[in-house]
Amino acid sequence: MVSELARVAFSDIRKVVSWEPEVRETIEESEDSKVVTIARTVSTRVTVTPSDKINEETAAGIASISQSPNGMLQVRMHSKIEALKALSARFRPAEVAPQQFNQNVPFIDRPPPETREQWIERQARMAEEDQRREDGKLAPQ
């Protein structure tokens, strides 16, 4: 089961289909040959890899391939996000839940915000250092 989830999680649609721009040019000439019209159309050409060329790892990531009556192809891959969630749940230790932590230890994720006065003081120090660097009294950083 884990290997199948890994196949889905790390599947790559580029191994199933390829796409590239395609430029088509049509030239129309008027009956009196005085006017030539050139029209360029840019579209995307999509090529599906033949099923006998798709390896097992790539095939595991394919949810479905279908074709509409007008010939339009649809390739749908399994959800990589869901496979990654299932894998992470599988390998997360049962005794450690993300919400469990010691409430008695303060958790600081960033320093306390500086006061306006501290900010003004810091800006003044930085400006003074810049000025001393320009005057050659302080080595450049």
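With the structure loaded, tell me whether VAL42 is more than 19 Å from ALA86 (Cβ to Cβ), in contact with a helix residue (DSSP H, G or I) (Cβ under 7 Å, 6 or more places away or on another chain) and of a type in the set (A, V, I, L, M) or whether it fails that test.
no
Can you tell me how many residues within the range 1-28 are β-branched (Val, Ile, Thr) and touching a residue at least 40 places away in the same chain (Cβ under 8 Å)?
Of the residues in that region, 5 qualify.
The rows are residues; the columns are (1) over 26 Å from the mean Cα position of the chain (by Cα); (2) within 30 Å of SER88 (Cα to Cα).
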site: ALA6; (1), (2): no, yes
site: ALA9; (1), (2): no, yes
site: GLU22; (1), (2): no, no
site: SER33; (1), (2): yes, no
site: ALA39; (1), (2): yes, no
site: VAL48; (1), (2): no, no
site: ILE54; (1), (2): no, yes
site: GLN67; (1), (2): yes, no
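Throughout, read-outs are computed from the coordinates displayed, never taken from laboratory work. Just so it is clear, the model here is predicted, and its values are computed rather than measured. Cβ sites come from the backbone with ideal geometry, for glycine too, and all protein chains shown count toward neighbours.
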